[in-house]
Amino acid sequence: MDIKEQSPAQFYPKKGNLTPGREIRAIGNFNDLGSIELFSDVVLKQTERSSNWFSESGNVLILPLFGALEVRENNKTGFIHINQIATFPVKAGTKMEFKNVYPDDSIRFIMIFRKGEAVKRPQTENYTFSTVNMLQQIYKDTFSILNLGQFTGRTEAAYTRSKPDKSFFVYFIQGAFEVEERLLEAGEAIYLWDQTELELEALSNNAYLLVLEF
């Protein structure tokens, strides 16, 4: 990548040890009324449970990274599997519970909460993740686009935003990357609000990241 002036950004460094899992709150899009109120990378050990209370109405997006998880909300229980993305409408005061049903294995999933107008009912979409060394769109709604990428070492890629008022939130699931002249590793994130095109380079093999445009 050519050296260039860095664009303005908010950096979210990894806190604590190097094990997966972290929580980021209040990721705002300065060009839009929308905002991501909560982004969580959740790891549940064997048969472990977790829960979240939501103080405002909106939508919760669940993306399993490995293993299926049980979700309980409004006295209804369902399962979300690998290669699925689920969207749940929540009202203020809603509690969602998550459970790892495996007796011998841990699970990991991404949870994203956006306040605002909620979908009418829970929705689950299937996707096929079959490409390497490029970003693949796995989810899209009227507010956001979610891309997932797996890369081998020293591979470059670029992503152009769909509308001029959109921003990028990039979360690094595994491995190391250089993004816009910044070195970032697993568990770290960066928010870019004045960027037309996102340029990245994987610095390790089996490197994974999420790019959320909103």
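Here is how the numbers come out for the structure above:
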{"quantity": "The lone exception for Asp105 - which of (1) of a type in the set (D, E, K, R); (2) within 30 Å of Glu73 (Cβ to Cβ); (3) at pLDDT below 95 it fails", "calculated": "(3)"}
{"quantity": "Some residue of the range 64-80 being more than 23 Å from Asn52 (Cα to Cα) and buried (at least 18 other Cβ atoms within 10 Å of the Cβ)", "calculated": "no"}
{"quantity": "Whichever residue in the range 104-120 is among the charged types (D, E, K, R), loosely packed, with under 14 Cβ neighbours inside 10 Å and over 28 Å from Thr47 (Cα atoms) and, among such residues, is nearest to the chain's Cα centre (by Cα)", "calculated": "Glu117"}
{"quantity": "Those residues of the range 127-149 which are within 14 Å of the chain's Cα centre (by Cα), closer than 22 Å to Glu185 by Cα and of a type in the set (S, T, N, Q), in sequence order", "calculated": "Gln136, Gln137, Asn147"}
{"quantity": "Exclusive hit being more than 21 Å from Gln174 (Cα to Cα) and either out of contact with any helix residue (DSSP H, G or I) (no Cβ under 7 Å at 6 or more places or on another chain) or outside the structural domain of Lys166 (by TED's automatic domain parsing) (or both), set Asn74, Asn83", "calculated": "Asn74"}
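Residue-wise test of (1) farther than 27 Å from Leu200 by Cβ; (2) out of contact with any Leu (no Cβ under 8 Å at 6 or more places or on another chain); (3) surrounded by 13 or more Cβ atoms within 10 Å (Cβ to Cβ); (4) not hydroxyl-bearing (Ser, Thr, Tyr).
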| residue | (1), (2), (3), (4) |
| --- | --- |
| Phe98 | yes, no, yes, yes |
| Tyr102 | yes, yes, yes, no |
| Thr124 | yes, yes, yes, no |
| Tyr127 | no, yes, yes, no |
| Gln136 | no, no, yes, yes |
| Asp141 | no, yes, yes, yes |
| Ile145 | no, no, yes, yes |
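The values are calculated or read from the model by the stated rules, or taken from the named source; none is laboratory data. What you see is a predicted model, and the numbers here were worked out from it, not measured in a lab. Because the Cβ atoms are built from the backbone with ideal geometry, glycine has one as well, and the counts that use them run over all protein chains shown.
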